Amino acid sequence: MSAASPNRCQTYPYGGQAVIEGVMMKGRKHAAVAIRRKSGSIDVVEKELTSRFPDWLTKAPFARGFFLLWDMLGLGMWSLNVSQGKYLEDLGEKPAESRSSQMMFFATAAVAIILAMAIFKLLPTFLVDTVSQHAYNIAGAGLKNAAEAVLKFGVFVGYVALIGRMPEIARVFMYHGAEHTVINAHEECPGERDIAKLAKHTRLHPRCGTSFIVIFIIISALVYYSLDRWLVSLGVPSSGQWPEWWIRWPVRILAIPLLSGISYEVLKGAFALRKFAVIKPLIMLGMLFQILTTRKPTQDQIEVALAALDAVRAREEGQEALGAAAGGTQ
């Protein structure tokens, strides 16, 4: 990410995600999905944001992270549903609007979440158990949790690299790059409208969900080590400060809200303190993994991301502010 300028936008920290042939952008109270249609036009669908949780939960430090991420998951599912509907229309198929089709969509998402937890949470600890018991004894909770973290990084990298070879996913990664490119450009110069100039900005951004995953894995190794030592001190069945799997695995799942809360605060704090040299290695580590989850976008894709951001800015800041920013571009 390029160096901050005096005009860097601090008031509205926009974010978003890539969807099928498009980008979703969100502010504090509004979101918009911009989709490139087969005709070449751009459709924009807007949504007012409301949390399913009370304010005291979404604002409480070290608790808000889990609830904000849960809200983001719901918003992401809505965005994907919108983009899928537009995509099916362009294929000549009528998107299903029945309650049963919506239930199927949410059931599929639930299965995906369960599989993700099994692959990225339970598989690494199972592999560490297997290696330690049958191949090489990994002594102590510290080394075992470190090995588990390394395996999580390996599974994550392997999974993303594998699915990234699929043409459809590669295009989603390009739209992910477009999202970052436009947000980086906005944070440097909110009034910039020239697509060619926008395209010069980096596709990596320190607030990305990929960076959150990297921080989450690091934090989980530290927290799980502390939990393992604590459980052993309570006298639970264990071997070498490593609680038995039927205790350890449920604890790892139940600790997800805590890990999410801590990781969110670390990501937010790291971004706020990104100019300090001691913080930069953590920022760079997260952005390094974004090389896998983003691709260099085309100017057409950047135009879609800009349309989504413009729609949200018009709602969040007012059409007058958006117009003034655009008019001030040199």
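We did not get these values from a lab; they are worked out from the coordinates using the rules stated. Everything quoted here is computed from the prediction, not taken from an experiment. Heads up, the Cβs are rebuilt from the backbone with ideal geometry, glycines too, and the neighbour counts pull from every protein chain shown.
The charge dipole of the range 63-160, taken about the Cα centre with unit charges on the Cβ atoms of Lys, Arg (+1) and Asp, Glu (-1), comes to about 260 debye, rounded to the nearest 20.
For the range 223-314, a crude dipole built from +1 on the beta carbon of Lys and Arg and -1 on the beta carbon of Asp and Glu, taken about the Cα centre, is about 280 debye to the nearest 20. Once you have a ≥ b ≥ c as the square roots of the Cα gyration tensor eigenvalues for the range 154-195, tell me rounded if a/c is under 1.5, and otherwise prolate or oblate according to whether a/b is larger than b/c. It is oblate, given that a/c is not under 1.5 and a/b is not larger than b/c. Once Lys and Arg get +1 and Asp and Glu get -1 on their Cβ, which of Ser39, His180, Ala308 lies farthest toward the positive end of the dipole of the chain? The residue sitting most towards the positive pole is His180. Computed over all pairs of different Cα atoms, the Kirkwood value for the hydrodynamic radius of the chain is 21.5 Å.
Past the 20 angstrom mark, what percentage of all C-alpha to C-alpha distances in the range 89-189 do you count? Roughly 65 percent, once rounded to a whole number. Calculated mean residue ellipticity at 222 nm for the chain: -20500 deg cm²/dmol, from DSSP H runs with n ≥ 4 weighted as -39500 (n - 2.57), summed, divided by the residue count and rounded to 500. The charge dipole of the chain, taken about its Cα centre with unit charges on the Cβ of Lys, Arg, Asp and Glu (plus for the first two, minus for the last two), comes to roughly 540 debye. Pairs of Cα atoms nearer than 8 Å and 6+ residues apart set the relative contact order; for the chain it is 29 percent.
Treating the angle as unsigned and between 0 and 90°, give the value, to the nearest 10°, between the Cα long axis of helix 167-188 and the longest Cα principal axis of the chain. Taking Cα atoms only, the helix is inclined about 70 degrees. Distance between the 7 Å Cα→Cβ label points at Glu168 and Met72: 2.5 nm. The trypsin sites (Lys or Arg not before Pro) of the range 128-187 meeting both criteria, a DSSP state outside H, G, I, E and B (loop) and at most 16 other C-beta atoms within 10 angstrom of the site's C-beta, are Arg165.
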